[in-house]
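To keep things clear, I will list the structure first and then write my remarks on it.
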Amino acid sequence: MDLRNALYERGLFKTHPSPVKTLAVGNLSVGGTGKTPMIELLIRLLQDRHKIVVISRGYGRKSKGLVVADTGSTADEIGDEPLQFFRKFQPSVRVIVAEKRAVAAEKVRTDFSETDLILLDDAYQHRSISRDMNILLTDYNRPFFNDVTFPAGNLREPGRGARRADLVVVTKCPLSLDPAEREQISAAVQSNAGKKVPVVFSSVRYGAPVAFDGEHTVAVFNSFIGMAGLARNQPFQEYLQRAYSLKKFFPYPDHHHYTTSELPVKELAGDEKTALLTTEKDFVKLLPLAREASLSHRCFYIPIETVVHEEREFLQTVNSYLEK
């Protein structure tokens, strides 16, 4: 990674220009820092002033090449997270998946000329396309400055890679964070990224359960089964245990492709007052299975949002790069 970065910085590896303003969101670690909720936060904050296209690799999809999301898209075709973006924000936001982001950016230039902002999902290390701003995420529970590179640790590249960041967001923090701890974390981040790089803090907020069929309410159920396929399932499981009467939890790997046999039909069939709780990311893959089993009315997903503690400062910093 050091050699690859050096080749980009010396111009020996080519960086293709982006046709419009571009913000990249990513991390130094392998998954689990909250990139999807951060992309959604940026969309919510910026969509009133900008025509946005989200470009993603579409991790976990079974297709190849460039695909533009549409109403017939599936998780197998474009990936679970891009499908989540599309379902929540279309038609005002377009979603494109491609292994080569530069190819997707060219598609934006030729076919979607009204676009004035590209959001690059999980693209901190994808340096073949230029960006106006790099937003680096790091998990409060395992910050990059306390970690080492894979396979000994969880980092994709050494911590000095943080110097490419224009803004660092410490994610999954407690809602109330001691000022002294904030200063300590900021100093550790800036020792790698640079003293002038802004550091903000964010937390996870769980929303009210939403039925797969969009009609039923969770209030009629008194016990629950949880399942999720996340980079780190434990925080979601612990939230369900605190907030609901959780009977059992089924953890799966990140971006897991579910089969009919993995839907807990037996557990649900045994008690009409038991319902399934999962994440919005898993919902897009479990929905067809739940419909097939006639269980959509007893399956719910819980929306997950990122809440930035210093939202005004965060938005001002982002806008300053968009206005340059």
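Within the chain, what's the longest stretch lacking GluC sites (Glu not before Pro) that sit in DSSP loops with no more than 13 other Cβ atoms inside 10 Å? Intermediate results must be reported in sequence, preceding the final value.
Details: sites that count: Glu99, Glu114, Glu215, Glu272, Glu323.
The answer is 115-214.
Of the residues His256, Phe224, Val284, the one whose Cα sits farthest towards the positive end of the charge dipole of the stretch 180-324 is His256 (charges of +1 on Lys and Arg Cβ, -1 on Asp and Glu Cβ, taken about the Cα centre). Could you work out the relative contact order of the chain, using alpha carbon pairs under 8 angstrom and six or more residues apart, expressed as a whole percent? About 20 percent, as a whole number.
Output the antiparallel fraction of DSSP beta bridges having both residues in the stretch 208-302, as a percent to the nearest 5. Kindly include the intermediate steps, with their values, before the conclusion.
Working: 2 of 16 bridges.
Of the beta bridges lying entirely in the stretch 208-302, close to 10 percent run antiparallel.
Computed per residue of the chain from DSSP H runs no shorter than four, each worth -39500 (n - 2.57), the mean residue ellipticity at 222 nm is -9000 deg cm²/dmol. Full extension of the chain between Gln316 and Thr110 gives 71.1 nm of extra length, using 0.36 nm per residue less the Cα-Cα distance.
Shown here: volume of the Cα convex hull per residue in Å³, derived from the displayed model; of the candidates [x] 225; [y] 145; [z] 272, it corresponds to [y]. The stretch between Phe13 and Ser294, if pulled fully straight at 0.36 nm per residue, gains 95.9 nm over its current Cα-Cα span.
Distance from the C-alpha centroid of the stretch 41-69 to that of the stretch 188-230: 19 Å, rounded to the whole angstrom. The DSSP beta bridges internal to the chain are antiparallel in roughly 20% of cases. For the peptides 200-206, 132-138, the ranking by mean Cβ contacts within 10 Å, running from highest to lowest, is 132-138, 200-206.
The stretch 1-39 and the stretch 268-324 have Cα centres separated by 26 Å. Within a straight-line Cα-Cα reach of under 27 Å, Lys266 can be paired with the following lysines, leaving aside sequence neighbours fewer than 8 residues apart in one chain: Lys247, Lys248, Lys281, Lys285. Below 20 Å, Cα to Cα, which lysines can Lys324 reach? Residues fewer than 8 away in the same chain don't count. Hits, sequence-local ones excluded: Lys21, Lys51, Lys196. Per-residue Karplus couplings for the stretch 237-254, computed as 6.51 cos²θ - 1.76 cosθ + 1.60 with θ equal to phi - 60°, are listed in order as 4, 5, 5, 4, 5, 6, 9, 9, 7, 8, 8, 7, 9, 10, x, 10, x, 4 Hz, Gly and Pro entered as x. Between 0 and 90 degrees, rounded to the nearest ten: what's the tilt of helix 179-193 against the longest Cα principal axis of the chain? Once rounded, one gets 50 degrees. Relative to the longest principal axis of the Cα atoms of the chain, the long axis of helix 101-111 lies at roughly 90 degrees.
Principal-axis analysis of the Cα atoms of the chain puts helix 311-322 at an angle of about 50° to the longest axis.
Computed from the coordinates by the stated procedures, all read-outs in this text should not be read as laboratory data. Predicted model only: the values in this text are computed from it and were never measured. FYI the Cβ positions are ideal-geometry reconstructions off the backbone, even for glycines, and counts take in every protein chain you see.
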